[in-house]
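The values are calculated or read from the model by the stated rules, or taken from the named source; none is laboratory data. Just so we're clear, the structure is a prediction, and the values are computed from it rather than from any experiment. Positions of Cβ are backbone-derived with ideal geometry, glycine not excepted, and every protein chain shown enters the neighbour counts. Each accessible area value is taken on the protein alone, full model and side chains, heavy atoms only, with ligands, DNA and RNA left out. Shrake-Rupley method; radii C 1.70, N 1.55, O 1.52, S 1.80 Å.
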Amino acid sequence: MNKAKLLSLLVLPALFTMSCSEEHDVAPAASMSAKSTSLATTGNGAPSGAHYTLNIIGVAKDKTAAMDGNSGHRIFVSLEGKTKINLQNADLTDGTFQVLDANGTDADGALFQLPSPDADGDGTTSYSVYARALGKPGGQVKVNTCATDVATGEEVCSLESLVTMREKGGSKFQNVSAELLTIYADITDDGIDNPQRYPLFSDEMEGYYWDYDNNGLRVLQLR
């Protein structure tokens, strides 16, 4: 099943790519599994076709300028240490992919708006995300999707992380839909260790964000 839209988040050295021409299966709320169909790809490993690109740029010095509103296709994060990239459901505002606050180096963190990946709850995401690291070789980053459990008020972070580093030579995109569009965690209080996969903006949790733990990566590009 092919979908027409393709989301690509480019972030200079590293970038997120979300593709709607690829299906990424996620079981509804309590049990999501992931699988993808075969797609035509470009030389850099990203699916061909229209896309949205987001560049997440690591900076050594905190930004002081106001960067609210439509701030283009980039977000600034700390070159070393953690940055909070808050996520807003575009479906609630009749919007689409958009950077609403590009400055992730201040106390509030950044704000990125994106559609719910599984708004109808049928277990299949409407777009995918691809990422690659760019910039000077040697930097690396770990990104976790987190939120607050509505039932307990406790913060929950996915057991799966996007971990990538900038190596020498060309950099190719990888499918990171599971890591960035879902939270894989055990939030049931039944005494049984049984993690399940929940899509972004699932009702079981609130306050979704990406926990961006940077170790010198200059650019993460998402598509």
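One line per residue, one yes/no per condition, for (1) at pLDDT 95 or above; (2) over 20 Å from Pro115 (Cα atoms); (3) in a helix (DSSP H, G or I):
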| residue | (1), (2), (3) |
| --- | --- |
| Lys136 | no, yes, no |
| Ala147 | yes, no, no |
| Glu160 | yes, yes, no |
| Thr164 | no, yes, no |
| Gly169 | no, yes, no |
| Leu180 | yes, no, yes |
| Thr188 | no, yes, no |
| Gly191 | no, yes, no |
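Between a first residue in segment 145-171 that is without any contact (Cβ under 8 Å) to a residue 40 or more places away in the chain and a second residue that is of a type in the set (D, E, K, R) and open to solvent by 50 Å² or more (accessible area, probe 1.4 Å), which pairs have beta carbons less than 8 Å apart while being 6 or more apart in sequence or on different chains?
Cβ pairs passing all conditions: Thr152/Asp189; Ser161/Lys142; Leu162/Lys142; Val163/Lys142.
Where the second residue is surrounded by fewer than 24 Cβ atoms within 10 Å (Cβ to Cβ) and among the hydroxyl-bearing types (Ser, Thr, Tyr) and the first is over 21 Å from Met165 (Cα atoms) and without any contact (Cβ under 8 Å) to a residue 40 or more places away in the chain and lies in segment 46-61, which pairs have Cβ atoms under 6 Å and are six or more apart or on separate chains?
Listed pairs, sorted by first residue: Ser48/Thr42.
Which residue, of Asp94, Asp122, Asp118, Asp108, is touching a strand residue (DSSP E or B) at 6+ places or on another chain (Cβ under 9 Å), farther than 23 Å from Leu217 by Cβ and in a loop (DSSP other than H, G, I, E, B)?
Testing whether each residue is touching a strand residue (DSSP E or B) at 6+ places or on another chain (Cβ under 9 Å), farther than 23 Å from Leu217 by Cβ and in a loop (DSSP other than H, G, I, E, B) leaves just Asp118.
Please specify each residue of segment 127-159 satisfying the condition of being open to solvent by 40 Å² or more (accessible area, probe 1.4 Å), of a type in the set (Ser, Thr, Tyr) and closer than 17 Å to Arg197 by Cα.
Across segment 127-159, the qualifying residue is only Thr148.
In the list Asn89, Asn55, which residue meets the criterion of being touching a Ser or Thr at 6+ places or on another chain (Cβ under 7 Å), open to solvent by less than 30 Å² (accessible area, probe 1.4 Å) and within 15 Å of Trp210 (Cα to Cα)? I'd like the intermediate steps shown before the answer.
Values: Asn55 fails: touching a Ser or Thr at 6+ places or on another chain (Cβ under 7 Å).
Answer to the selection: Asn89.
Give segment 200-223 a look and list any residue that's part of a strand (DSSP E or B), in contact with a Ser or Thr (Cβ under 8 Å, 6 or more places away or on another chain) and either polar (S, T, N, Q) or crowded, with 24+ Cβ neighbours inside 10 Å (or both), or say none.
Trp210, Tyr212, Asn214, Leu220, Gln221, Leu222
Filter segment 160-199 down to residues that are of a type in the set (D, E, K, R) and buried (at least 18 other Cβ atoms within 10 Å of the Cβ) and give me whichever is nearest to Phe97 (Cα to Cα). Spell out how you get there, then give the answer.
As a first pass, look at segment 160-199 and keep what is of a type in the set (D, E, K, R): 160, 166-168, 172, 179, 186, 189-190, 193, 197.
Then drop every residue that is not buried (at least 18 other Cβ atoms within 10 Å of the Cβ), which leaves 160, 166, 179, 197.
Numbers: Glu160: 23, Arg166: 26, Glu179: 18, Arg197: 23 Å.
In this case the residue turns out to be Glu179.
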